[in-house]
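First up is the structure itself, then whatever we jot down about it.
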Amino acid sequence: MDVFEAIRERRSIRQYQAKAVPEEKLTQILEAGRWAPSSGNRQPWKFIVIKDEEVKSKLASIAPFGRFIDKAPVGIAVVIDPQGSSHPVEDGAAATQNILLAAHALDLGACWIGSYGSDYEGRAREILGIPHDRRILSLISLGYPTESPEKGRVELSELVSCDRYADK
Ligand SMILES: Cc1cc2nc3c(=O)[nH]c(=O)nc-3n(C[C@H](O)[C@H](O)[C@H](O)COP(=O)(O)O)c2cc1C
(Lines give C-alpha, C1' and ligand atoms only; values in the text may rest on other atoms or scores of the structure.)
Protein backbone atom coordinates (compact mmCIF):
# COMPACT_ATOMS: atom_id res chain seq x y z
CA MET A 1 0.00 0.00 0.00
CA ASP A 2 1.45 3.36 -0.89
CA VAL A 3 1.62 6.18 1.60
CA PHE A 4 -1.14 8.25 -0.04
CA GLU A 5 -3.54 5.32 0.01
CA ALA A 6 -2.73 4.62 3.67
CA ILE A 7 -3.32 8.26 4.61
CA ARG A 8 -6.54 8.54 2.62
CA GLU A 9 -8.11 5.19 3.55
CA ARG A 10 -7.17 4.96 7.24
CA ARG A 11 -10.11 5.40 9.59
CA SER A 12 -10.42 5.16 13.35
CA ILE A 13 -11.52 1.62 14.11
CA ARG A 14 -13.26 0.91 17.40
CA GLN A 15 -14.63 -2.60 16.83
CA TYR A 16 -12.42 -5.64 16.45
CA GLN A 17 -12.42 -9.31 15.65
CA ALA A 18 -11.41 -11.62 18.48
CA LYS A 19 -8.31 -12.53 16.50
CA ALA A 20 -4.78 -12.05 17.77
CA VAL A 21 -2.45 -9.54 16.15
CA PRO A 22 0.57 -11.46 14.79
CA GLU A 23 3.84 -10.55 16.52
CA GLU A 24 5.53 -9.73 13.19
CA LYS A 25 2.84 -7.14 12.42
CA LEU A 26 3.06 -5.72 15.91
CA THR A 27 6.82 -5.34 15.52
CA GLN A 28 6.37 -3.62 12.14
CA ILE A 29 3.89 -1.22 13.72
CA LEU A 30 6.21 -0.42 16.61
CA GLU A 31 9.05 0.08 14.13
CA ALA A 32 6.89 2.64 12.33
CA GLY A 33 6.53 4.49 15.64
CA ARG A 34 10.27 4.29 16.26
CA TRP A 35 11.03 5.89 12.88
CA ALA A 36 8.82 8.91 13.42
CA PRO A 37 10.49 12.32 13.27
CA SER A 38 11.23 14.07 16.57
CA SER A 39 12.66 17.43 17.50
CA GLY A 40 16.45 17.17 17.41
CA ASN A 41 15.98 13.42 16.88
CA ARG A 42 15.59 13.13 20.66
CA GLN A 43 13.00 10.32 20.37
CA PRO A 44 11.49 11.09 23.79
CA TRP A 45 9.12 8.12 23.76
CA LYS A 46 8.52 4.66 25.08
CA PHE A 47 5.84 2.28 23.81
CA ILE A 48 3.96 -0.01 26.19
CA VAL A 49 2.31 -2.99 24.48
CA ILE A 50 -0.80 -3.94 26.42
CA LYS A 51 -2.26 -7.43 26.04
CA ASP A 52 -3.33 -8.37 29.55
CA GLU A 53 -7.14 -8.45 29.78
CA GLU A 54 -7.20 -7.04 33.31
CA VAL A 55 -4.92 -4.15 32.38
CA LYS A 56 -7.06 -3.35 29.31
CA SER A 57 -10.25 -3.44 31.32
CA LYS A 58 -8.79 -1.12 33.97
CA LEU A 59 -7.79 1.33 31.21
CA ALA A 60 -11.27 1.07 29.67
CA SER A 61 -12.78 2.10 33.00
CA ILE A 62 -10.82 5.38 33.11
CA ALA A 63 -11.03 6.44 29.45
CA PRO A 64 -14.65 7.53 28.91
CA PHE A 65 -14.19 7.78 25.13
CA GLY A 66 -11.99 4.71 24.93
CA ARG A 67 -14.05 2.04 26.61
CA PHE A 68 -13.53 -0.18 23.57
CA ILE A 69 -9.85 -0.64 24.48
CA ASP A 70 -10.84 -3.77 26.39
CA LYS A 71 -12.30 -5.28 23.18
CA ALA A 72 -9.10 -4.70 21.23
CA PRO A 73 -6.60 -7.60 21.24
CA VAL A 74 -3.76 -5.13 21.76
CA GLY A 75 -3.29 -1.64 23.13
CA ILE A 76 -0.24 0.56 22.75
CA ALA A 77 0.48 3.43 25.12
CA VAL A 78 2.81 6.09 23.76
CA VAL A 79 4.60 7.56 26.77
CA ILE A 80 6.67 10.71 26.45
CA ASP A 81 9.39 12.29 28.52
CA PRO A 82 8.37 15.98 28.82
CA GLN A 83 12.02 16.91 29.52
CA GLY A 84 13.33 14.68 26.75
CA SER A 85 12.88 17.06 23.84
CA SER A 86 11.87 20.64 23.10
CA HIS A 87 8.61 19.41 21.49
CA PRO A 88 7.66 16.18 23.27
CA VAL A 89 3.94 16.40 22.47
CA GLU A 90 4.52 16.88 18.76
CA ASP A 91 7.08 14.07 18.82
CA GLY A 92 4.67 11.68 20.51
CA ALA A 93 1.89 12.68 18.13
CA ALA A 94 4.12 11.94 15.13
CA ALA A 95 4.92 8.49 16.54
CA THR A 96 1.24 7.87 17.18
CA GLN A 97 0.27 8.81 13.62
CA ASN A 98 2.98 6.55 12.19
CA ILE A 99 1.57 3.70 14.27
CA LEU A 100 -1.98 4.34 13.03
CA LEU A 101 -0.87 4.43 9.39
CA ALA A 102 1.27 1.31 9.71
CA ALA A 103 -1.62 -0.57 11.33
CA HIS A 104 -3.87 0.34 8.42
CA ALA A 105 -1.25 -0.65 5.84
CA LEU A 106 -1.11 -4.08 7.52
CA ASP A 107 -4.92 -4.56 7.32
CA LEU A 108 -5.36 -3.82 11.00
CA GLY A 109 -7.56 -1.17 12.54
CA ALA A 110 -6.54 1.26 15.24
CA CYS A 111 -7.90 4.21 17.16
CA TRP A 112 -6.11 7.06 18.92
CA ILE A 113 -7.68 7.37 22.35
CA GLY A 114 -6.91 10.74 23.82
CA SER A 115 -10.00 11.88 25.71
CA TYR A 116 -9.71 10.95 29.29
CA GLY A 117 -11.65 11.28 32.50
CA SER A 118 -10.48 13.34 35.43
CA ASP A 119 -7.39 12.02 37.17
CA TYR A 120 -6.82 9.80 34.12
CA GLU A 121 -3.13 10.42 34.01
CA GLY A 122 -2.57 9.48 37.64
CA ARG A 123 -4.65 6.34 37.38
CA ALA A 124 -3.15 5.29 34.06
CA ARG A 125 0.32 5.81 35.52
CA GLU A 126 -0.57 3.51 38.36
CA ILE A 127 -2.08 0.84 36.08
CA LEU A 128 0.86 0.85 33.66
CA GLY A 129 3.64 1.55 36.17
CA ILE A 130 4.69 4.78 34.46
CA PRO A 131 7.11 7.02 36.41
CA HIS A 132 5.81 10.38 37.64
CA ASP A 133 8.02 12.40 35.35
CA ARG A 134 6.55 10.81 32.20
CA ARG A 135 3.26 11.51 30.39
CA ILE A 136 0.92 9.31 28.42
CA LEU A 137 0.59 11.00 25.05
CA SER A 138 -1.82 8.51 23.54
CA LEU A 139 -3.41 5.17 24.01
CA ILE A 140 -3.96 3.21 20.80
CA SER A 141 -6.36 0.30 20.40
CA LEU A 142 -5.38 -2.24 17.77
CA GLY A 143 -6.92 -5.26 16.13
CA TYR A 144 -8.51 -6.66 13.00
CA PRO A 145 -11.52 -4.47 12.18
CA THR A 146 -15.15 -5.52 12.07
CA GLU A 147 -16.30 -2.11 10.87
CA SER A 148 -15.43 0.21 8.02
CA PRO A 149 -16.64 3.66 9.08
CA GLU A 150 -16.61 6.65 6.79
CA LYS A 151 -15.44 10.11 7.72
CA GLY A 152 -15.24 13.29 5.72
CA ARG A 153 -12.85 16.20 5.75
CA VAL A 154 -13.16 19.91 5.09
CA GLU A 155 -12.48 20.65 1.42
CA LEU A 156 -8.97 21.71 0.47
CA SER A 157 -10.38 24.87 -1.10
CA GLU A 158 -11.49 25.97 2.38
CA LEU A 159 -8.13 25.24 3.97
CA VAL A 160 -5.52 26.50 1.60
CA SER A 161 -4.50 30.06 0.91
CA CYS A 162 -1.56 31.50 -0.90
CA ASP A 163 1.10 33.69 0.71
CA ARG A 164 -1.26 35.03 3.41
CA TYR A 165 -3.69 33.52 5.89
CA ALA A 166 -7.30 33.63 4.69
CA ASP A 167 -10.55 32.64 6.35
CA LYS A 168 -12.78 31.15 3.69
C1 LIG B 1 -5.66 13.72 19.70
C2 LIG B 1 -6.77 12.77 19.33
C3 LIG B 1 -7.56 12.25 20.34
C4 LIG B 1 -8.58 11.34 20.02
N5 LIG B 1 -9.31 10.78 21.04
C6 LIG B 1 -10.24 9.86 20.77
C7 LIG B 1 -10.92 9.19 21.82
O8 LIG B 1 -10.66 9.41 23.00
N9 LIG B 1 -11.85 8.28 21.49
C10 LIG B 1 -12.15 7.96 20.18
O11 LIG B 1 -13.02 7.10 19.96
N12 LIG B 1 -11.52 8.58 19.15
C13 LIG B 1 -10.56 9.50 19.42
N14 LIG B 1 -9.86 10.09 18.38
C15 LIG B 1 -10.16 9.73 16.98
C16 LIG B 1 -10.96 10.82 16.27
O17 LIG B 1 -12.28 10.83 16.76
C18 LIG B 1 -10.92 10.56 14.75
O19 LIG B 1 -9.59 10.61 14.29
C20 LIG B 1 -11.74 11.61 13.97
O21 LIG B 1 -13.10 11.52 14.28
C22 LIG B 1 -11.59 11.42 12.45
O23 LIG B 1 -12.00 10.11 12.08
P24 LIG B 1 -11.01 9.12 11.31
O25 LIG B 1 -9.79 8.93 12.18
O26 LIG B 1 -11.79 7.85 11.17
O27 LIG B 1 -10.69 9.73 10.01
C28 LIG B 1 -8.84 10.99 18.67
C29 LIG B 1 -8.02 11.52 17.66
C30 LIG B 1 -6.99 12.38 17.98
C31 LIG B 1 -6.10 12.91 16.87
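Please indicate, with yes or no, whether at least one residue in the stretch 35-48 is in a helix (DSSP H, G or I) and at positive phi. Looking for residues that are in a helix (DSSP H, G or I) and at positive phi, one finds at least one in the stretch 35-48, hence yes. Across the stretch 34-57, the qualifying residues are those that are buried (at least 19 other Cβ atoms within 10 Å of the Cβ) and touching a Leu at 6+ places or on another chain (Cβ under 9 Å), and the one among them that is nearest to Gln83 (Cα to Cα) is Trp45. Within the stretch 25-35, identify whether any single residue is modelled with pLDDT of 95 or more, more than 20 Å from Thr146 (Cβ to Cβ) and touching an Asp or Glu at 6+ places or on another chain (Cβ under 9 Å), and answer yes or no. Scanning the stretch 25-35, I find no residue that is modelled with pLDDT of 95 or more, more than 20 Å from Thr146 (Cβ to Cβ) and touching an Asp or Glu at 6+ places or on another chain (Cβ under 9 Å), so the answer is no.
Residues that are of a type in the set (A, V, I, L, M, F, W, C) and within 14 Å of the ligand (Cβ to nearest atom) number at least 3 in the following helices (runs of 4 or more DSSP H) confined to the stretch 83-168: 88-105.
Going through the stretch 114-129 one residue at a time, which ones are touching a strand residue (DSSP E or B) at 6+ places or on another chain (Cβ under 6 Å) and modelled with pLDDT of 95 or more? The one that is touching a strand residue (DSSP E or B) at 6+ places or on another chain (Cβ under 6 Å) and modelled with pLDDT of 95 or more: Leu128.
Ala36 fulfils the conditions (1) of a type outside the set (Val, Ile, Thr); (2) under 25 Å from Glu121 (Cα atoms); (3) without any contact (Cβ under 8 Å) to a residue 40 or more places away in the chain except for a single criterion, (3).
Yes or no, residue by residue, for (1) more than 16 Å from the ligand (Cβ to nearest atom); (2) touching a Cys at 6+ places or on another chain (Cβ under 6 Å); (3) at pLDDT below 95:
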residue	(1), (2), (3)
Asn41	yes, no, no
Pro44	yes, no, no
Glu54	yes, no, no
Ser57	yes, no, no
Ile62	no, no, yes
Phe65	no, no, yes
Asp70	no, no, no
Pro73	yes, no, no
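The values are calculated or read from the model by the stated rules, or taken from the named source; none is laboratory data. Bear in mind that the values here come from a model prediction, so they are computed numbers and not experimental data. So basically every Cβ, Gly included, is an ideal-geometry build from the backbone, and we count neighbours across all protein chains shown.
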